[in-house]
1. Would a scan of region 40-56 turn up a residue that is within 10 Å of the chain's Cα centre (by Cα), in contact (Cβ under 8 Å) with a residue 12 or more places away in the chain and surrounded by 11 or more Cβ atoms within 10 Å (Cβ to Cβ)?
2. For region 14-21, does any single residue satisfy the condition of being modelled with pLDDT of 95 or more and within 17 Å of Val82 (Cβ to Cβ)?
3. What is the number of the single condition among (1) loosely packed, with under 12 Cβ neighbours inside 10 Å; (2) touching a residue at least 12 places away in the same chain (Cβ under 8 Å) that His70 does not meet?
4. Within region 1-33, work out how many residues are under 17 Å from Asp43 (Cα atoms), touching a strand residue (DSSP E or B) at 6+ places or on another chain (Cβ under 7 Å) and open to solvent by less than 50 Å² (accessible area, probe 1.4 Å).
5. Go through (1) touching a residue at least 12 places away in the same chain (Cβ under 8 Å); (2) assigned to a helix (DSSP H, G or I) for Ala77 and report which single condition fails.
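The values are calculated or read from the model by the stated rules, or taken from the named source; none is laboratory data. Since this is a predicted model, take the numbers as computed values, not measurements. Glycine also receives a Cβ, built like all others from the backbone with ideal geometry; neighbour counts cover every protein chain displayed. Protein only, heavy atoms only, side chains kept; ligands, DNA and RNA dropped before computing areas. Shrake-Rupley method; radii C 1.70, N 1.55, O 1.52, S 1.80 Å.
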Amino acid sequence: MRDVVTFTLYSRSWCHLCEDMLAALRKLEAPGRPFEVAVVDVDADPALVERFDELVPVLFGDLAEPELCHYFLDETAVRRYVERYQPIAMGA
């Protein structure tokens, strides 16, 4: 079990969907069960633009696994991912 679950959010600085996804993700954080979110600006790297471009925002848990969601937060997928590492039920 991990102490802190980490997410990676591929984003753009001017993207309102990106801001919305980050805010929705933060609402799932429960007291005593924190997680970290690394926000990566795809426009800072041409390879990331090529990979994600119009898909942003794109949320990953484990980067070796498929994305959890893109465009809008998939709360169910996020909760399942967190439960894998923090098996106590998350707060709503």
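1. Here is the first cut: in region 40-56, the ones within 10 Å of the chain's Cα centre (by Cα) are none.
Scanning region 40-56, I find no residue that is within 10 Å of the chain's Cα centre (by Cα), in contact (Cβ under 8 Å) with a residue 12 or more places away in the chain and surrounded by 11 or more Cβ atoms within 10 Å (Cβ to Cβ), so the answer is no.
2. Within region 14-21, one or more residues are modelled with pLDDT of 95 or more and within 17 Å of Val82 (Cβ to Cβ).
3. (1)
4. Quick first cut of region 1-33, residues under 17 Å from Asp43 (Cα atoms) only: 8-19.
Now drop any that are not touching a strand residue (DSSP E or B) at 6+ places or on another chain (Cβ under 7 Å), which leaves 8-13, 18.
From what's left, open to solvent by less than 50 Å² (accessible area, probe 1.4 Å): 8-12, 18.
Count: 6.
5. With respect to (1) touching a residue at least 12 places away in the same chain (Cβ under 8 Å); (2) assigned to a helix (DSSP H, G or I), Ala77 is out only on (1).
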